[in-house]
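All remarks here apply to the structure that follows.
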Amino acid sequence: MTLAKARGFTLIELMTVVAIVGVLASIAIPLGLNQMRIAKRSERTLIMKMIVPSVESYTTSGAALGTLVGDPHPAGTPGAFAKPWGYPTNGWGELAIGVEGAVRYQYSFTVVRDPGMIWYTTKAVGDLDEDGSTSLMLLSGRLESGDWIRDDATDDTHD
């Protein structure tokens, strides 16, 4: 009576494969999470680049002097899950900005038109990892001698 030769993988071979998969996962998962964070931040940059030209156009359009405020929109700071943009009120209608779908940041702006001084500030606030600390992007500018002087500030340390 002859025994049939057993076929299959040895325990050492299986443990080697599991170790290799573990090493690859430990490298790939953090890189993937970082790329997702970068992609979510790109929404903020894109929408802010829509808001700033609209604000600059509004300030030079001959609108009445005074202050125009775009209330924070959408209400409440969005977190890891996006909130629908909806239909903003209080100042947003003056800029005619339309965003389709949902957003992960809350946006607001202030425009001041006084004699001899025109300036604006736009702000995006978000908490992508929902740890309670928010990241902030500020874009501001002032009109001097017919040219826009822009100041940008971004704090991504808490994303």
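Read the figures in this text as sums done on the coordinates, not as results from a lab. These numbers were taken from a predicted model, which means no experiment stands behind them. Cβ: placed from backbone, ideal geometry, glycine included. Neighbour counts: every protein chain shown.
Are any residues in segment 58-108 without any contact (Cβ under 8 Å) to a residue 24 or more places away in the chain and either under 13 Å from THR122 (Cβ atoms) or polar (S, T, N, Q) (or both), and if so, which ones? Residues satisfying the conditions are SER61, THR89, ASN90, GLY91, TRP92. Tell me which residues, restricted to segment 50-82, are touching a Ser or Thr at 6+ places or on another chain (Cβ under 9 Å) and either in a strand (DSSP E or B) or basic (Lys, Arg) (or both). The answer is THR67, LEU68, VAL69, GLY70, ASP71, PRO72, HIS73. Residues in segment 83-113 that are of a type in the set (Asp, Glu) and in a loop (DSSP other than H, G, I, E, B): GLU100 only.
If you go through segment 1-59 and keep only what is among the β-branched types (Val, Ile, Thr) and under 29 Å from the mean Cα position of the chain (by Cα), you end up with ILE27, ILE29, ILE38, THR45, ILE47, ILE51, VAL52, VAL55, THR59. Being touching a helix residue (DSSP H, G or I) at 6+ places or on another chain (Cβ under 8 Å), within 30 Å of MET36 (Cα to Cα) and either buried (at least 16 other Cβ atoms within 10 Å of the Cβ) or of a type in the set (Gly, Ala, Ser) (or both) is a description that does not apply to MET48. Being of a type outside the set (Gly, Ala, Ser) and either in contact with a helix residue (DSSP H, G or I) (Cβ under 7 Å, 6 or more places away or on another chain) or surrounded by 17 or more Cβ atoms within 10 Å (Cβ to Cβ) (or both) holds for only one residue in VAL69, VAL111, and it is VAL111.
Looking only at segment 137-156, count every residue that is over 17 Å from MET50 (Cβ atoms), buried (at least 16 other Cβ atoms within 10 Å of the Cβ) and of a type in the set (A, V, I, L, M, F, W, C) and tell me the total. So the answer is 1.
Residues in segment 114-130 that are part of a strand (DSSP E or B), surrounded by 20 or more Cβ atoms within 10 Å (Cβ to Cβ) and of a type outside the set (Ser, Thr, Tyr): LYS123, ALA124, GLY126. All conditions in (1) under 25 Å from LYS123 (Cα atoms); (2) surrounded by 10 or more Cβ atoms within 10 Å (Cβ to Cβ); (3) not charged (D, E, K, R) hold for VAL17, with the sole exception of (1). Within segment 109-145, the set of residues being without any contact (Cβ under 8 Å) to a residue 40 or more places away in the chain and among the acidic types (Asp, Glu) comprises ASP131, GLU144.
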